[in-house]
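Following: one structure in structure tokens, then a few remarks.
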Amino acid sequence: MRVISQNGKLDFPYENIVVEIMDSVIVAYTPMTNPLRMAQYKSQEKAEKAMQMLRDNYAYNWKLEHGLQTYYGDEPIVFRFPNEDEL
């Protein structure tokens, strides 16, 4: 699964990054970089909601890849962090 930053400028395979909430900012770490800002929200609660959306999307896609889900529906195989007003 691909993970795309809120502004669309960063795009990583989810399996190659570590994602963390730092206050109200979501950052990603790769083996070659310092923390990279993936998204920023006005509150930690919104950042936590966006992280849960990421986890839910990953779980859904994992089920598809492993044959536990048999249809694709409307879910993407990429996740882009939502803007503030989309939460």
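Overall, the accessible surface of the chain at a probe of 1.4 angstrom is composed of carbon and sulfur to the extent of 50 percent.
Extending 7 Å from the Cα toward the beta-carbon at both E45 and M22 defines two label points whose distance is 2.4 nm. Computed from backbone phi with θ = phi - 60° and the Karplus coefficients 6.51, -1.76 and 1.60, the 3J(HN,Hα) list for the range 77-84 is 9, 10, 10, 10, 4, x, 6, 3 Hz; x is used for glycine and proline. For the range 17-63, the per residue solvent-accessible surface stands at 61 Å², with DNA, RNA and ligands left out and a 1.4 Å probe.
Amide H to amide H distances under 5 Å link A39 with Q6, I26, where only residues 5 or more positions off or on other chains count and H is placed in the peptide plane. Think of it as helices only: each DSSP H run of n ≥ 4 in the chain is worth -39500 (n - 2.57), and spread over all residues that comes to -9000 deg cm²/dmol at 222 nm.
Extension gain for the segment D11 to L68, taken as residue separation times 0.36 nm less the Cα-Cα distance, is 17.9 nm to one decimal.
The long axis of helix 44-65 is offset from the longest Cα principal axis of the chain by roughly 20 degrees.
The values are calculated or read from the model by the stated rules, or taken from the named source; none is laboratory data. The shown structure was predicted, so the numbers you read here are calculated from the model rather than taken from an experiment. Note that we place each Cβ from the backbone using ideal geometry, even for glycine, and neighbour counts take in every protein chain shown. The accessibility values were calculated without ligands, DNA or RNA, using every heavy atom of the protein model including side chains. Shrake-Rupley method; radii C 1.70, N 1.55, O 1.52, S 1.80 Å.
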